[in-house]
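Working notes, structure below.
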């Protein structure tokens, strides 16, 4: 409770102020009044003693007329009754004294003498001639002197009384105001202070004090309550900003780490186990780039709502940042965590409807269990992140538990990431070209395939580094490099006249992230212009899943590419979500049968049925079909039997470097009978 010394009380300080101000003002006004009275006192003295002369004139005249000493003495005594009269004298017409009296002179201080001189500046003598009745004949004189010092002392005495009265009045006023200020100001303020402290110490709402007064203090109380409520709202908002994600409303990284730290302490006490899931959406950047950040944000909110509705009480769902989420599961065994991870994969894989867009999304999960042998909340989060890295590098839409050996794998991932930054600038990337042939074994095209000529590891295939490039965003620079170099190589072959007469296409793989860029078509147009060629023999291979991420944008871009005479093929057709209902709307020229259907085609009836269906669909839609991954004659014969007319694979040739590809193009085809299956 608030305590206060009496001397610091507002009422006491107000009373002190009033007292000092009143004393000061009283002194000023009293001095002014004294000075004013002092000036008026001069005139009063003159008038008063002139009047005394007139009052005693008749008696003094009779005394001199009759030469009556007794009467004259009475006049003198009457005048001497005034303490200020110093001497009185009555003389006849011959100058003889009829009566006289004089007081003894007294010594006074300098101040009294100065005041005396001010009060009687001209003269202290008052005199008048005495005449006979009804005659102007002078028969004597009445005169008296006054003592200015006596008058000064009288004036000083009156001034002291005035000052004392003003002081007493000020003291009384101060006491009255002290009581008034206490009951009207200090006491209500103390009530207000105690109420404010009750607000601070209690979370319950207390009634506003002084509300009945309807004055400034009641207004102050209501205003303070309003400010306090605004402060509580602001604190709640700050807490929301500090511990919750502004987009999804989920817990943020700070709250996750705080709850994880508390959970670690609890598991240590209860000897239980728990798990932390680290989630990252697969190819979210493609959706964000193709449909815009607004749709991307809405998708993140939808995923957050789905996770929050699914998660059980006692668990925590958080958004760490971007497209990364986390789920904290206390008191859960590893086997149960594995089941939950599978449920999360299924939960996220269900389509989302966002602004009439049906979006398919998958998620990769890294899992860290605790308590670990060593480590705090930061270490657990890092372990889950490491497991996520490994999951994305191995197989998306999957989950993995953290293992200590993963550190080396993550380090390798990061080495590739760092190496890719140098690969372009140091010209370590190169293109190889795998021929595509028809039924007559004639070369009808080539597919440009990237290789990384690593200074330590040698020639690396795309499987070693393209996933890292997509994950880190370097796929854009690499993809643009592939397009530019492939088109320029095609222009060079055309200039050298080495292209076979049956040549139809130079196929270039396009990543979903690259296709989603707004300037993608403009970049293709620029590359064609720079190379001085048209797009009639350029074919862009896009994945089936890319079409489902933004079908409207895909249709528009394909139409723009067709205006450039560029062909479109769907790579790995049949491996993704079904896109059959979109094919009639898309400007597609080629369907590419994925190698996964070709590998076991000879002895797998299901693969045969799928390939047969793809070929039939392509035929009905007037699309070309090419099978990739043809490794042997048996596969080649099986594909021919099903109606496939274009092939690509090691049964004809491996991907060739630029020089070898140029030599092969000059030959124009293959004699298959001379090659071993």
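Things worth noting here:
So that you can scan it fast, the table gives a plain yes or no per residue for (1) at pLDDT 90 or above; (2) part of a helix (DSSP H, G or I); (3) exposed (fewer than 15 other Cβ atoms within 10 Å of the Cβ):
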position: 400; (1), (2), (3): yes, no, no
position: 432; (1), (2), (3): yes, no, no
position: 440; (1), (2), (3): yes, no, yes
position: 447; (1), (2), (3): yes, no, no
position: 478; (1), (2), (3): yes, yes, no
position: 493; (1), (2), (3): yes, yes, no
position: 498; (1), (2), (3): yes, no, no
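- One residue alone among 590, 611, 630 is at pLDDT 90 or above and over 25 Å from residue 551 (Cα atoms), and that residue is 630.
- Residue 199 fulfils the conditions (1) over 30 Å from residue 254 (Cα atoms); (2) at pLDDT below 75; (3) in a helix (DSSP H, G or I) except for a single criterion, (1).
- From 382, 418, 396, residue being surrounded by fewer than 19 Cβ atoms within 10 Å (Cβ to Cβ) and either part of a loop (DSSP other than H, G, I, E, B) or touching a residue at least 24 places away in the same chain (Cβ under 8 Å) (or both): 396
- Meets criteria (assigned by TED's automatic domain parsing to the domain that holds residue 342 and surrounded by fewer than 17 Cβ atoms within 10 Å (Cβ to Cβ)) for residue 280: no
- Options 340, 365, 303, 348; residue that is within 30 Å of the chain's Cα centre (by Cα) and either surrounded by 15 or more Cβ atoms within 10 Å (Cβ to Cβ) or modelled with pLDDT of 90 or more (or both): 303
- Filtered residue count, the range 235-246, keeping only those that are more than 12 Å from the chain's Cα centre (by Cα) and surrounded by fewer than 12 Cβ atoms within 10 Å (Cβ to Cβ): 2
- Selection within the range 640-654 - buried (at least 20 other Cβ atoms within 10 Å of the Cβ) and either assigned to a loop (DSSP other than H, G, I, E, B) or at pLDDT below 95 (or both): 644, 648, 649, 651, 652, 653
- Of all residues making up the range 600-629, the number that are closer than 25 Å to residue 442 by Cβ, surrounded by 14 or more Cβ atoms within 10 Å (Cβ to Cβ) and under 58 Å from the mean Cα position of the chain (by Cα): 11
- Residues of the range 207-248 classified as modelled with pLDDT under 70 and part of a loop (DSSP other than H, G, I, E, B), total: 9
- Residue that is farthest from residue 486 (Cα to Cα), among those in the range 452-464 that are in contact (Cβ under 8 Å) with a residue 24 or more places away in the chain and assigned to a strand (DSSP E or B): 454
The values are calculated or read from the model by the stated rules, or taken from the named source; none is laboratory data. Quantities reported herein were computed from a predicted structural model and do not represent experimental measurements. Don't worry about glycine lacking a Cβ; one is built from the backbone with ideal geometry, like all the others, and counts go over all protein chains shown.
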